[in-house]
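Undergrad: I have a structure here, written as structure tokens, and I will follow up with some questions on it.
The values are calculated or read from the model by the stated rules, or taken from the named source; none is laboratory data. Everything quoted here is computed from the prediction, not taken from an experiment. Don't worry about glycine lacking a Cβ; one is built from the backbone with ideal geometry, like all the others, and counts go over all protein chains shown.
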Amino acid sequence: VIAGLGMTDLGKVYGRTPGDFAADAVRRAAGDAGLQLADIDGLLTSSGVTGGVSVDLQRDLGLTDLRLLSHMQSYGSTAGAMVQVASLAVMSGTASVVACVFADSPLQPERGAGAVYGTRRAPAGWWGLLGASGVIGANPMYALAARRHMERYGTTTEQFGHIAMAQRSWAALNPAAQLREPITLADHQASRWIADPFRLLDCCLVSNGGIAVIVTTAERAAGLSQPPVHVLGWAQSHPGQYLRRHPDFGLVTGAATAGPAALEMAGVALADVDVVELYDCYTYTVLVTLEDYGFCPKGEGGPYAASGVLGPGGKLLLNTGGGQLSGYYMWGMTPLSEAVIQARGHGGERQAAAHDVVLVSGNGGVLDHHATLVLASEAGAA
Amino acid sequence: MTVGPVARDAATAEFFDATAAGKFELRRCPAGHFSEPPAAQCTTCASTSLHWEAASGGATLVSWAVAWSRPATGEPQPTVLVIAELDEGPWWWSQLADADPANLAVGQRLRIEFRRAGPEHEAVPVFALA
């Protein structure tokens, strides 16, 4: 059960280290749950590109006698993986109250995010060779993946644009979102190329901040402050396709196996899902994940996204906080945090009327690490 | 369209010796499987008895993207980046020299060429339309 959610100020928040954000997020999550820091006996930490979050967070928070402590890293799938490990820990009695936290602060005043995300070029060795070849960072790698899909299935940049537009419309309803001005398809098509086929509005933004959740047992959560959010199912899938010859690269992701596995564990069908929060480093990531989860047949993600099902008032309630494209970029904590908000019924203007079952994805590497969570507002939902 | 500087380390020394001689070398195991150059074990059978063997230099286009750099001054510069399937099987990620991205198609024939950022830097394999 997820009993607490802590979110720091997110976005262009300067002067604080990732460690500062992580500690702030855990304090907020404990407070949100109605717990004292001293109640926490398990801590799982994770960090973004700038690092700076580690098991040292225990000391920063003054936590003593922890029964579970580890740093986890499977990129954008880490948040889902942390909730899985924390759930196993509380089910087994390994620990009773586990805080899971992510924090990062890549943004600096007067310096573009690209300067942070683009300076990981190694000057020597195999990674140096990749960089010297021009293949630097996530943008071209995901662009190469998306192009495969476009060439195979006829997917178009306009179809990507519908995903960007829909998420911006959701962000307009989310006070915590960084980009809330509505955009049109023409705005999307006019935005500059980052790595063709991706335009600027196909790419996630970059944020400073931290988000934590508190995982505990249903019994413990019953007496706490917030409506408990039950973790009904989970699964990971790590295909091992990246930088290897693989016929599925860019076409099929780990979501294709993890999604059905998590739903089976939860005992719910895709048709029972009320709200969908998908990892969206790029518009294309959303499209391919929708296909892999089975919301539409493989190859039809483009027409599906453009069919009018997305956005507020649409049939598919997807990335209802604006996601990482328009909301805030906290890796897997972005879809997870919005899922908790929706499952609780705390979404304000953007709250889904039906929110019994929420499907959450995490994606990392280059479509090479995946975690699915099935959350529910009631333990026996669906 | 240019390649960047890259230096050798212990793992890449033999590979760059070969690129300096105009050869792209792959890893090959005793069973005959080819693996991509950085492989420490065979990607088919996990053998660690790998030796270097020159690829033919022929390849086909798997995917491409056009990265737009934003230099401090001047216009944005495009670089066509590709995944290519070498005729021996492994895939390789690099740039496509002197190509118009509007006229590319999956399966197009490519060949490996080499470029250097400068005389003091290692030769970097790139692809060109065959």
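Undergrad: Of the residues A:Val98, A:Val83, which single one is part of a strand (DSSP E or B), within 17 Å of A:Val213 (Cα to Cα) and in contact with a helix residue (DSSP H, G or I) (Cβ under 8 Å, 6 or more places away or on another chain)?
TA: Within the list A:Val98, A:Val83, the selection yields A:Val98.
Undergrad: Select from segment A:244-274 the residues that are assigned to a loop (DSSP other than H, G, I, E, B) and without any contact (Cβ under 8 Å) to a residue 60 or more places away in the chain and write down the one among them that is nearest to the chain's Cα centre (by Cα).
TA: Per the stated criteria, the residue is A:Val252.
Undergrad: Taking segment A:297-319 on its own, how many of its residues are free of Cβ contacts under 8 Å to residues at least 12 places away in the same chain and within 24 Å of A:Thr184 (Cα to Cα)?
TA: Within segment A:297-319, residues that are free of Cβ contacts under 8 Å to residues at least 12 places away in the same chain and within 24 Å of A:Thr184 (Cα to Cα) number 5.
Undergrad: Search segment B:48-58 for residues being without any contact (Cβ under 8 Å) to a residue 40 or more places away in the chain and of a type outside the set (A, V, I, L, M), and hand back the single one that is farthest from the other protein chains (Cβ to nearest Cβ).
TA: Initially, segment B:48-58 is screened for residues without any contact (Cβ under 8 Å) to a residue 40 or more places away in the chain, giving B:48-54, B:56.
Now restrict to residues that are of a type outside the set (A, V, I, L, M): B:48-49, B:51-53, B:56.
Working: B:Thr48: 17, B:Ser49: 20, B:His51: 18, B:Trp52: 14, B:Glu53: 17, B:Ser56: 16 Å.
Residue satisfying both the conditions and the ranking: B:Ser49.
Undergrad: Next question, about the same structure. What number of residues within segment A:129-179 are of a type outside the set (Val, Ile, Thr), in contact with a Ser or Thr (Cβ under 8 Å, 6 or more places away or on another chain) and within 14 Å of another protein chain (Cβ to nearest Cβ)?
TA: Going through segment A:129-179 one residue at a time, the tally reaches 13.
Undergrad: For the condition modelled with pLDDT under 95 and either farther than 17 Å from A:Leu129 by Cα or more than 15 Å from the chain's Cα centre (by Cα) (or both), what is the one hit in B:Ala46, B:Ala13, B:Ala7, B:Ala31?
TA: The unique qualifying residue is B:Ala7.
Undergrad: Looking at B:Leu110, B:Leu61, B:Leu81, B:Leu26, which is the one that is more than 12 Å from chain A (Cβ to nearest Cβ), buried (at least 17 other Cβ atoms within 10 Å of the Cβ) and part of a strand (DSSP E or B)? Full working, then the answer.
TA: On the way: B:Leu61 fails: more than 12 Å from chain A (Cβ to nearest Cβ); B:Leu81 fails: more than 12 Å from chain A (Cβ to nearest Cβ); B:Leu26 fails: more than 12 Å from chain A (Cβ to nearest Cβ).
Answer to the selection: B:Leu110.
Undergrad: Of the conditions (1) under 18 Å from the mean Cα position of the chain (by Cα); (2) in a loop (DSSP other than H, G, I, E, B); (3) aromatic (Phe, Trp, Tyr), A:Tyr284 satisfies every one except a single condition; which number is it?
TA: Going through (1) under 18 Å from the mean Cα position of the chain (by Cα); (2) in a loop (DSSP other than H, G, I, E, B); (3) aromatic (Phe, Trp, Tyr) one by one, A:Tyr284 breaks only (2).
Undergrad: What do you reckon, is A:Gln73 on the phi < 0 side of the Ramachandran plot and free of Cβ contacts under 8 Å to residues at least 12 places away in the same chain? Outline the logic, then answer.
TA: Details: on the phi < 0 side of the Ramachandran plot: yes; free of Cβ contacts under 8 Å to residues at least 12 places away in the same chain: no.
No; evaluated as a whole, the condition is false for this residue.
Undergrad: Additional query: Go through segment A:17-58 and count every residue that is more than 22 Å from the chain's Cα centre (by Cα) and charged (D, E, K, R).
TA: Matching residues across segment A:17-58 total 3.
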